[in-house]
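Trainee: I am attaching a structure below and will ask some questions about it afterwards.
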Amino acid sequence: MQSGDSYDETFSPTARWDTVRAFSAVANQHGLAMRHLDVKTAFLIPELDPSERIFITVPDGVSGVPPGCVLELKKSMHGIKQAGRCWNTHIDSTLKSLGFVPSFADPCLYVRRRGKSDVAMILLYVDDILLAGSDKSVADVAAALAQRYTITDDGEPSHFLGVRFERDRKRGVLKLSQEAYARAVLQRFGMEDCTHSDSPASGRRLTKAMGPADQQERRTMAKVPYRAAVGALMYLAVSTRPDISQALSQVARFSQDPGAQHWQAVQRILRYVAGTLDRGIVYRHQPQLSFFGYADADDAGSEDKKSTSGYLFMFGGAPLSWKSKFQKTKTTLSSCESELVALSYAARHAIWLRALFSDFYTQVLPPTIIFEDNDGARTVANNNKFSEKLKHVDRRDFFVRECVQAKRVQVQRCSTKKMLADIFTKPLSREIFISLTRKIFSGRVRPDDRDF
């Protein structure tokens, strides 16, 4: 196979984890029925584009083909580079024919509205399908898909992409967790019987100086599955475990040349996971739409005096989206500036989340509240005022001010003690970390739950 001859494009979208959580949380908030469907032999269904000709040797057991001849593929199959794209194009056409409209924010999300009571939503992840809506619309869509494909209907989702779904529809409670996956990770790296830790990181920051002291240590570390462990933990961090995000981002920076102390930091995260296996995100039905966020920054916290941004957005009283991001492109000159950078970064994500929610809700969303504990950054965001101390700041870092003026975002003050995004910016003391994570995973965080 050659690019430009037997294929041109191979890209196929997959749903973001933010969208998976938003889809599930919205379905739980409104008591919608949910179904998990799986399309059998999905890659063998679509026909190939006639302009992309692919030939294969005759498989063993096939008779009637003259010697020296090859076969031309008419349909997609596993192993060819464009198989995923062919399937996505096919299912996209099918869903559109059923009246579904793809989301602009995430092309793997589809919504169909036929009146106020007939709403259906579909989320695609390759050949896995999450379906939500009224009981009637879910049954109708599932039946329509079953007429076109061979479908495995698992009913109410219990597991999706390695995440366990535990739902009490009557009480409006949904828990997403990864206990089985976490146990498999611990077993893979020989940590299933380890001593538990009550925090994923010590108060000490990791540095390049902690790298291999000599060639002997470097040879020893070459045998350690450092990158594999970081990668395995990363899936936990992006799916259901925001509490390990900051510690994991720290150790990930040293994947190129880790030292023994860096490996000890990875093992501490594993020991923390071992002690919190049953931890998960719990969404609860709220009396009214409750969507808000937190933004924070650690000023010049790294060894090269760069800052770390962190944001956390909540829905249904629980984490919806989060990030711990190193401000590697610039050195901020004050805590106000580093917090302003974090605010603008959070505002950009808030705009995307608002676009995503506009597919779920027809009404205009109120401004999204982002809590900030730095008064200087909050003042800059809410007022179009020139300051000598900020005349060097990049235009992109004032994006949050534009969002405030457009009434898409509202920046409000929050006490530092109640700043939930603090766990994404730096290693915290044991007491503060436990207090904040207990709050985050309680499933009962409200936008008015802050101190002034």
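The values are calculated or read from the model by the stated rules, or taken from the named source; none is laboratory data. Note that this is a predicted model, so its numbers are computed, not measured. When we count neighbours, we look across all protein chains shown, and the Cβ atoms used for this are built from the backbone with ideal geometry, even at glycine. These accessible areas exclude ligands, DNA and RNA; they are computed on the full protein's heavy atoms, side chains included. Shrake-Rupley method; radii C 1.70, N 1.55, O 1.52, S 1.80 Å.
Trainee: Given +1 on the Cβ of Lys and Arg, -1 on the Cβ of Asp and Glu, and no further charges, what dipole in debye does the range 170-223 carry about its Cα centre, rounded to the nearest 20?
Mentor: Its charge dipole is roughly 320 debye.
Trainee: Which peptide among 262-274, 280-292 comes first, and what is the full order, when sorted by highest mean count of other Cβ atoms within 10 Å?
Mentor: My ranking of the peptides, most packed first, is 262-274, 280-292.
Trainee: Here's another thing I want to ask about it. Amide H neighbours of residue 300 under 5 Å, at least 5 residues apart or on other chains, H built in the peptide plane: list them.
Mentor: Hits under the 5 Å cutoff: 307, 308.
Trainee: Given points 7 Å out from each Cα along the Cα-Cβ axis, report the residue 114 to residue 442 separation in nanometres with one decimal.
Mentor: Reported label-point gap for residue 114 and residue 442 is 4.4 nm.
Trainee: Gain in length, residue 355 to residue 180, computed as 0.36 nm per residue apart minus the alpha-carbon separation, to one decimal in nm?
Mentor: 59.7 nm
Trainee: Taking amide hydrogens as modeled 1.01 Å from N in the peptide plane, which residues meet the under 5 Å criterion relative to residue 370, leaving out close sequence neighbours?
Mentor: Result for residue 370 returns 293, 410, 411, 412.
Trainee: Once every DSSP H run of n ≥ 4 in the chain is given -39500 (n - 2.57) and the sum is divided by its residues, what mean residue ellipticity at 222 nm do you get, rounded to the nearest 500 deg cm²/dmol?
Mentor: Counting only the DSSP helices, I get -10500 deg cm²/dmol.
Trainee: Reachable lysines from residue 40, Cα under 25 Å, same-chain residues fewer than 8 places away excluded?
Mentor: 74, 75, 81, 96, 136
Trainee: Can I ask one more? Pulled fully out, how much extra length does the chain show between residue 208 and residue 169, if you take 0.36 nm times their separation in residues and subtract their Cα-Cα distance?
Mentor: Gain in length upon complete extension: 9.1 nm.
Trainee: Still on this structure, please answer the following. Read phi for every residue in the range 51-64 and hand back ³J(HN,Hα) as whole Hz from Karplus 6.51 cos²θ - 1.76 cosθ + 1.60, θ = phi - 60°, with x for Gly and Pro.
Mentor: 6, 10, 9, 10, 10, 10, 5, 5, x, 4, x, 8, 10, x
Trainee: Next question. Would you please classify the overall shape of the range 360-452 from the alpha carbon gyration tensor, given that a ≥ b ≥ c denote the square roots of the eigenvalues, rounded means a/c under 1.5, and beyond that prolate means a/b larger than b/c while oblate covers the rest?
Mentor: oblate
Trainee: Kirkwood hydrodynamic radius of the range 195-258 from all distinct Cα pairs, in Å?
Mentor: 13.0
Trainee: Over the chain, with the other protein chains present, what is the accessible area per residue in square angstrom, probe 1.4 angstrom?
Mentor: I get 48 Å² per residue for the chain.
Trainee: Restricting to Cα pairs below 8 Å that are 6+ residues apart, what does the relative contact order work out to for the range 46-93? Please round to a whole percent.
Mentor: Rounded, it is 43 percent for the range 46-93.
Trainee: Quick one: pull the percent of accessible area on the chain belonging to carbon and sulfur, 1.4 Å probe, ligands and nucleic acids left out.
Mentor: 50
Trainee: Only one of the values (i) -0.62; (ii) -0.70; (iii) -0.92 was calculated from this structure for log10 I(q)/I(0) by the Debye sum over Cα atoms at q = 0.09 Å⁻¹; name its label.
Mentor: Here log10 I(q)/I(0) by the Debye sum over Cα atoms at q = 0.09 Å⁻¹ agrees with entry (ii).
Trainee: While we're on this one: Taking every DSSP beta bridge that has both residues in the range 1-130, what percent is antiparallel when rounded to the nearest 5?
Mentor: Antiparallel bridges: around 95 percent, rounded to the nearest 5.
Trainee: Oh, and also: In nm, what is the difference between 0.36 nm times the number of residues separating residue 72 and residue 331 and their Cα-Cα distance?
Mentor: 87.5 nm
Trainee: For the pair residue 228 and residue 40, what calculated FRET efficiency results from E = 1/(1 + (r/R0)^6), where r is the Cβ-Cβ distance and R0 = 30 Å, to the nearest 0.05?
Mentor: About 0.45, to the nearest 0.05.
Trainee: According to the Kirkwood expression over distinct Cα-Cα pairs, how big is the hydrodynamic radius of the range 324-380, in Å?
Mentor: Result for the range 324-380, one decimal place: 13.0 Å.
Trainee: Give me the one-decimal nm value for the distance between modelled label points at residue 429 and residue 89, 7 Å along each residue's Cα-to-Cβ direction.
Mentor: 6.0
Trainee: Order these peptides, 131-138, 394-401, by their mean beta-carbon neighbour count within 10 angstrom, highest first.
Mentor: Most protected by this proxy first, the peptides run 131-138, 394-401.
Trainee: Let a ≥ b ≥ c be the square roots of the eigenvalues of the Cα gyration tensor of the range 146-226; is it rounded (a/c under 1.5), or, if not, prolate (a/b larger than b/c) or oblate?
Mentor: Note, shape of the range 146-226 comes out prolate.
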